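Here the structure is laid out as structure tokens; the discussion comes afterwards.
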Ligand code: AHR
């Protein structure tokens, strides 16, 4: 009876949530009674990666016949917390969320746990001492991504025969997992090699507009001759930086080494044109794996706690002619 009540409530919530949850889109596979109802708190729409990730979740939910209550928090943690609370009161079957930053989730996740609703953390991770607050995590190995970026730089410096390179870093959102780990992995890879000096790290918040601002500031401060390498934590910021460098009459990819992360089509095209030197892949295509987990949970199966998709990197040293369209 309780189960039936939950289903009716969730189905009603799916139909009505556009009105009840600010910015929420209800996309039930069957408006009457989807097999499972997933509440999904997406952190924002700051990048092509994020938009691709949301699309991947929507498509996968449709394919699996699950209802999806989607709330876009527009880069605000308080909105994510409010959305998760709404999902709890609607008694959805599973909560999925991509946390904008790592801390500040213990209370709301304790509420979900007390309500008996499993939580899958997707993409970014949280910092907590209590692993029981979530059922599973699925997302990139961001530390490995940072290392790949650093390893590319070592190879590139060898190929250039460089004696010394000044590196500037444009980082993602402060206190987020990809920001912290992409930085740590990169520093680890180049650590102890005195050919490199990271002269400044500055946050561009994963946004193209801020990537532009950061690059303008860095160019003003150090001049083109003072910067040899730009390591940027995502493609949006890299594309913003690229615009600024080209507007200043420079030839990024040739006069200056550009290293990026993600692999969205526009950046891959720039890599093929020789305007970016390396892109470490971070895939947004997580929807299918998330819905497979939801399905397993619906059948009472255990699911692995930590899950990383396979990822690669694309560099100027690779033959990229056969690379399939990226889709985002
Ligand atoms: O958390 C993944 C990162 O967030 C992606 O690299 C970036 O593009 C997005 O905004």
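Observations on the structure shown:
- Each of the peptides 163-173, 267-277 was scored by the mean count of other Cβ atoms within 10 Å over its residues; in descending order, highest first, they stand as 163-173, 267-277.
- Between residue 225 and residue 106, the contour length at 0.36 nm per residue exceeds the Cα-Cα span by 38.1 nm.
- Angle between the chain longest axis and helix 235-247 axis [Cα atoms, degrees, rounded to 10]: 30
- Counting every pair of alpha carbons in segment 51-169, the share spaced more than 18 Å apart comes to 61 percent.
- For segment 82-111 versus segment 154-174, the gap between their alpha-carbon centres in whole angstrom: 39
- Antiparallel bridge percentage (DSSP; both residues within the chain; nearest 5): 15
- Semi-axes of the equivalent ellipsoid for the chain, Cα gyration tensor, largest first, Å: 40, 18, 18
- Translational diffusion coefficient of segment 142-282 (Stokes-Einstein, Kirkwood radius from Cα pairs, 20 °C, 1.002 mPa s): 149 µm²/s.
- C-alpha long axis of helix 48-64 to longest principal axis of the chain, angle in °: 30
- Spatially, segment 237-259 and segment 309-328 are offset by 20 Å when compared through their Cα centroids.
- Derived value for segment 36-94: Kirkwood hydrodynamic radius 11.7 Å. Basis is the mean of 1/r over every pair of different alpha-carbon atoms.
- Using alpha-carbon coordinates, inclination of helix 142-160 to the longest axis of the chain, degrees: 20
No value in this document is a laboratory result; all are computed from the given coordinates. Just so it is clear, the model here is predicted, and its values are computed rather than measured. Positions of Cβ are generated from backbone atoms using ideal geometry, with glycine treated the same way; all protein chains shown enter the neighbour counts.
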